[in-house]
Amino acid sequence: QKIAVIVVAAGSGTRAGRADGPPKQYRSIGRRPILARSLGAFMALPAVGRIVCVIDPAFVAEYRTAIDGLAADPRLAEPVAGGATRQASVLAGLEALAPFAPDLVLIHDAARPFVAPVAITRLIDRLADIPAALLAHPVVDTLKQADADGRVIGTRARDGLWAAETPQGFRFAPLLDAHRRAAAEGRTDFTDDAAVAEWAGLPVAVVASEPGNLKITSLADLEAADRRLRMEEF
Ligand code: CTP
Ligand code: MG
């Protein structure tokens, strides 16, 4: 089976923002750029046949610098221009992969550089008998619902609640169809691709991730990851 990967890296990284400097995915933690780390986890898997990054063309020079050293891998395709939302960026990646006709597509946030190849393999294995699946971890915190003033309204049961991660994996044809229909119907509010699949009526499964598949969101996340890797890679 043909497995393709989309790494979405077209965001502007506002929450991790520094006025100077490129978006977070092009910055290094330890010795290597966040984007190179995210890509590397997939390139480590021989089952992956094609990888495409979705980027903001304004940062194509930063992209080339970040993937320097990985560009020799023939599975890495030319980057594709993203859109105004993550959902639009994913659709751009799916359209670019359509001529390759993959059986499966894995969609990953460039901002999750610590994903373990073993978790990706677990996700791929799960797609043998379901059209959509995502890495996730069970919610461990007690959940409080509060009003705008911070006054607690109630305590919510966490049984059966999972926190979604990426990568998320899908049979390619039904996911492309679901994304095209969502866009055509003006549904632009999906924050992950599993939600698009759910909306389209596809069965979706959670797959237990490995610990540490953090998303770099804030500058504090980036700096903490950098400090940790500088120690480990010293
Ligand atoms: N992304 C994208 N296209 C967009 C928005 C986001 O490809 N229009 C990507 C980001 O590059 C990131 C992933 O989707 O790898 C998850 O998004 P997030 O962590 O929110 O990154 P940003 O949107 O860049 O950051 P922020 O929301 O703080 O601006
Ligand atoms: Mg965002």
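Read-outs: derived from the displayed coordinates by stated rules, not from any lab. Note that the coordinates shown come from a computational prediction; the quantities given were computed from them, not determined experimentally. All Cβ positions, even for glycine, are placed from backbone atoms using ideal geometry, and neighbour counts span all protein chains on display.
Numerical summary
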quantity: The chain - percent relative contact order, Cα under 8 Å, separation 6 or more; calculated: 27
quantity: Electrostatic dipole magnitude of the chain [Cβ: Lys, Arg +1; Asp, Glu -1; Cα centre; debye, to 20]; calculated: 280
quantity: Distance cut-off 26 Å, percentage of C-alpha pairs in the stretch 3-232 lying past it; calculated: 38
quantity: Filtered trypsin sites (Lys or Arg not before Pro), the stretch 155-227: DSSP coil and at most 16 other beta carbons within 10 Å; calculated: 158, 187, 215
quantity: Where trypsin sites (Lys or Arg not before Pro) fall in DSSP loop in the stretch 1-88, at most 11 other Cβ within 10 Å; calculated: 31
quantity: Longest to shortest principal axis, alpha-carbon extents of the stretch 76-184, angstrom; calculated: 52, 32, 26
quantity: In the stretch 167-234, the GluC sites (Glu not before Pro) that fall in loop regions by DSSP, at most 14 other Cβ within 10 Å; calculated: 185, 233
quantity: DSSP beta bridge pairing in the stretch 3-232, given as percent antiparallel to the nearest 5; calculated: 45
quantity: For the stretch 71-125, the spread of Cα positions along each principal axis, largest first, Å; calculated: 30, 24, 24
